[in-house]
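Undergrad: Got a structure here, written out as structure tokens. Questions coming.
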Amino acid sequence: MINYIWFFLIIIGIITAVATGNVDAINIAIVDDASDAVMFAIGLTGIMAVWLGLMNIAEKSGLIKSFSRLLTPITSILFPDIPKGHPAMSAIVMNMVTNMFGAGNSATAIGLKAMEEMNSLNRTKKKATNAMCMFLVINMSSVQLVPLTVIKIRADAGSLNPTEIIGTSIVATTVSTIVGILSVKILEKKE
């Protein structure tokens, strides 16, 4: 569906440019914006590579297991259907930690792994479990202690103080995560 919307918006832009005689503006926008997009993607790729590498080291060193044990009281309440010591819990914790440090793009791969592990526990493969729904909400709303991607965007845009967003990000993401968790707990279906 989103592809149709984008296609429709692009066609309207082209038709409008032709109708108003601004075809050169399209060429300039395509060249300039494509260049900016590539530079931005390369910058984000660097951040993603660093975080995925750090998470891999943390997992292999046992740091994630230690952190997982520390979070066990919280994760056992949030994910009661996942057995203790299941690989899904490690992936969930890694995803949460990655998101907390603002590397949401890097958290995507870890989040997919977490969903795959949770799906191995799922009896009805075509229907999401309560744990999957909870994880999705936490992943999407995640508390961010250091929003690296936003800081990078602000720095690239020439902000004098790109880190001033940290305080408001912590408050906003904490509130959104609490509201999300409460909503899922209220709406959970027992099978």
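The values are calculated or read from the model by the stated rules, or taken from the named source; none is laboratory data. The structure displayed is predicted, hence computed values, not measured ones. Here the Cβ is made from the backbone with ideal geometry for all residues, glycine too, and neighbour counts use every protein chain on show.
Undergrad: Any idea which of (1) modelled with pLDDT of 80 or more; (2) under 30 Å from Leu182 (Cβ atoms); (3) part of a helix (DSSP H, G or I) is the one Ile64 doesn't satisfy?
TA: Unmet for Ile64, out of (1) modelled with pLDDT of 80 or more; (2) under 30 Å from Leu182 (Cβ atoms); (3) part of a helix (DSSP H, G or I): (1).
Undergrad: Moving on to the next point. Out of the range 153-175, which residues are polar (S, T, N, Q) and surrounded by fewer than 16 Cβ atoms within 10 Å (Cβ to Cβ)?
TA: If we filter the range 153-175 for residues that are polar (S, T, N, Q), which is where we start, we get 159, 161, 163, 168-169, 173-174.
Within the range 153-175, Ser159, Asn161, Thr163, Thr168, Thr174 meet the criteria.
Undergrad: Based on what the data block shows, is Met39 within 22 Å of the chain's Cα centre (by Cα), surrounded by 13 or more Cβ atoms within 10 Å (Cβ to Cβ) and in a helix (DSSP H, G or I)? Steps first, answer last, please.
TA: Working: within 22 Å of the chain's Cα centre (by Cα): yes; surrounded by 13 or more Cβ atoms within 10 Å (Cβ to Cβ): no; in a helix (DSSP H, G or I): yes.
Against the criterion (within 22 Å of the chain's Cα centre (by Cα), surrounded by 13 or more Cβ atoms within 10 Å (Cβ to Cβ) and in a helix (DSSP H, G or I)), Met39 does not qualify.
Yes or no, residue by residue, for (1) of a type in the set (Asp, Glu); (2) more than 16 Å from Ala131 (Cβ to Cβ); (3) more than 20 Å from the chain's Cα centre (by Cα):
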| residue | (1), (2), (3) |
| --- | --- |
| Leu54 | no, yes, no |
| Ser66 | no, yes, yes |
| Thr72 | no, no, yes |
| Thr75 | no, no, no |
| Ile82 | no, no, yes |
| Gly85 | no, no, yes |
| Ala91 | no, no, no |
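Undergrad: Within the range 84-104, is even one residue at pLDDT below 85, surrounded by fewer than 16 Cβ atoms within 10 Å (Cβ to Cβ) and not acidic (Asp, Glu)?
TA: The answer is yes; a qualifying residue exists.
Undergrad: Can you tell me which condition Met118 does not meet? The list is (1) at pLDDT below 85; (2) assigned to a helix (DSSP H, G or I), and all the others hold.
TA: Result: Met118 fails condition (1) only.
Undergrad: Leu78 - would you say it is surrounded by 11 or more Cβ atoms within 10 Å (Cβ to Cβ) and either at pLDDT below 85 or in contact with a Pro (Cβ under 9 Å, 6 or more places away or on another chain) (or both)?
TA: No.
Undergrad: For the range 129-171, give me each residue that is part of a loop (DSSP other than H, G, I, E, B), under 25 Å from Thr75 (Cα atoms) and at pLDDT below 90.
TA: Ser142, Val143, Gln144, Leu145, Val146, Pro147
Undergrad: Considering only the range 64-84, state which residues are among the hydrophobic types (A, V, I, L, M, F, W, C) and out of contact with any helix residue (DSSP H, G or I) (no Cβ under 8 Å at 6 or more places or on another chain).
TA: Answer for the range 64-84, where residues must be among the hydrophobic types (A, V, I, L, M, F, W, C) and out of contact with any helix residue (DSSP H, G or I) (no Cβ under 8 Å at 6 or more places or on another chain): Leu70, Ile74, Ile77.
Undergrad: Does at least one position in the range 2-13 carry a residue that is part of a helix (DSSP H, G or I), over 30 Å from Arg154 (Cβ atoms) and β-branched (Val, Ile, Thr)?
TA: yes
Undergrad: Check Thr177, Thr129 and return the single one that is of a type in the set (Val, Ile, Thr) and in contact with a helix residue (DSSP H, G or I) (Cβ under 6 Å, 6 or more places away or on another chain).
TA: Details: Thr129 fails: in contact with a helix residue (DSSP H, G or I) (Cβ under 6 Å, 6 or more places away or on another chain).
Exactly one of Thr177, Thr129 is of a type in the set (Val, Ile, Thr) and in contact with a helix residue (DSSP H, G or I) (Cβ under 6 Å, 6 or more places away or on another chain), namely Thr177.
Undergrad: How do the pairs read when you match residues in the range 36-63 that are under 16 Å from Ala91 (Cβ atoms) with residues anywhere that are among the hydroxyl-bearing types (Ser, Thr, Tyr) and assigned to a helix (DSSP H, G or I), using Cβ under 6 Å and keeping only pairs 6 or more apart or on different chains?
TA: Trp51/Thr98; Trp51/Ser106; Leu52/Ser106; Met55/Thr98
Undergrad: Mind checking which residues of the range 29-41 are of a type outside the set (Gly, Ala, Ser) and either under 14 Å from Thr149 (Cβ atoms) or touching an Asp or Glu at 6+ places or on another chain (Cβ under 7 Å) (or both)?
TA: Let us first name the residues in the range 29-41 that are of a type outside the set (Gly, Ala, Ser), namely 30-33, 36, 38-40.
Selection gives Phe40 alone.
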